[in-house]
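What follows is a short report on a single structure.
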Amino acid sequence: MRERLSTSSPATKVLGWCSLVALATTAVLGLWISPPDVIQGEAVRPLYVHVPAIWVAYIAFITAAVCSVLWLVPRTRNVKWDRIAGASAEIGVVFSGINLVSGMLWGRITWGVYWQWDARLTSALLLFVLFLGYLAVRRTTIEPERRAKRAAVMALVAAANIPIVHFSVVWWRTLHQEASVIRQDLDFELEGEMLQALGFGFVAFLLVYGWAVVHRYRLAVLEDQAEERAVAAAIERRRAELVGAGEVG
Amino acid sequence: MDDAGFIFGAYAVAGGALIAYAWSLVSRIRRTSDELDGGGEQSWT
């Protein structure tokens, strides 16, 4: 009998509840407790979602890239690295999507338009699309080892875009503002309730990321088992057909 | 839509996307697990 995997364990239940509380706290801090910005006014509020979302997306994509390297190196190759890479990238795409949509809403208030083909926005969209491509590669129906290899290479190509996204506001003249949370001397630009709201947003998204990676990993284990069973059943069926046709002894 | 709509919209999109994704993960785990246990097959008898 196959070991049945639960959708939760005591640890992930605690993690899940902590995530929900942290998300709710972020909403309260971001929408009501933090003060309006001196320059942006109320328009600063979407940034408590927008900025943490891209930070967690970076973490998710870098994790996917590191696990892909661990899978590619023969000495460390293990199916768990491929599964973690896939899980992390999928969640990264969700956070990257949140970053793009919340940024568009912020842009509509601040710039008067949802979208501009500026270096930061374009490179962030490219990062999102590259990792969508990565997820598409993972869904191809080829032999699992070849699929994992192609996906790992794709993850590295896609992750190479992260520094371009991050430094685009420094390297090119962009409509998007420059780094405004941590200065180049690594000191915080924000303080007080604004820093609290941003910090809570980051912690909340990080908790959600942790919860989702565990669950997506469990799903990957189950999907692999289902795929193995489907292949075994197909071989058995084919063998039975050949036996019926008298081609196999 | 006024500014408040865009501001609340950003939070609604983020919260909605994360909850929908979490829900889909749990559903997919249950469905795949049931399929592996043969729970996906249905019969009158």
Report summary line: Checked the stretch A:78-93 for anything crowded, with 24+ Cβ neighbours inside 10 Å and either at the interface with chain B (Cβ under 9 Å from one of its Cβ atoms) or modelled with pLDDT under 95 (or both); matches are A:91
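Residues checked against (1) touching a helix residue (DSSP H, G or I) at 6+ places or on another chain (Cβ under 8 Å); (2) modelled with pLDDT of 90 or more; (3) surrounded by 12 or more Cβ atoms within 10 Å (Cβ to Cβ); (4) not in a helix (DSSP H, G or I):
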{"residue": "A:184", "(1), (2), (3), (4)": "no, no, no, yes"}
{"residue": "A:190", "(1), (2), (3), (4)": "yes, no, yes, yes"}
{"residue": "A:202", "(1), (2), (3), (4)": "yes, yes, yes, no"}
{"residue": "A:206", "(1), (2), (3), (4)": "yes, yes, yes, no"}
{"residue": "A:210", "(1), (2), (3), (4)": "yes, yes, yes, no"}
{"residue": "A:219", "(1), (2), (3), (4)": "yes, yes, yes, no"}
{"residue": "A:248", "(1), (2), (3), (4)": "yes, no, no, yes"}
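Considering each of A:146, A:139 in turn, give the residue that is within 14 Å of chain B (Cβ to nearest Cβ) and surrounded by fewer than 17 Cβ atoms within 10 Å (Cβ to Cβ).
On the way: A:146 fails: within 14 Å of chain B (Cβ to nearest Cβ).
Every option except A:139 fails the conditions.
Quick one: in the stretch B:1-29, of everything that is more than 7 Å from chain A (Cβ to nearest Cβ) and in contact with a helix residue (DSSP H, G or I) (Cβ under 8 Å, 6 or more places away or on another chain), which residue is surrounded by the fewest Cβ atoms within 10 Å (Cβ to Cβ)?
Applying the filter and picking the extreme gives B:1.
The values are calculated or read from the model by the stated rules, or taken from the named source; none is laboratory data. What you are looking at is a predicted structure, and each value in this text was computed from that prediction instead of being measured. Note that we place each Cβ from the backbone using ideal geometry, even for glycine, and neighbour counts take in every protein chain shown.
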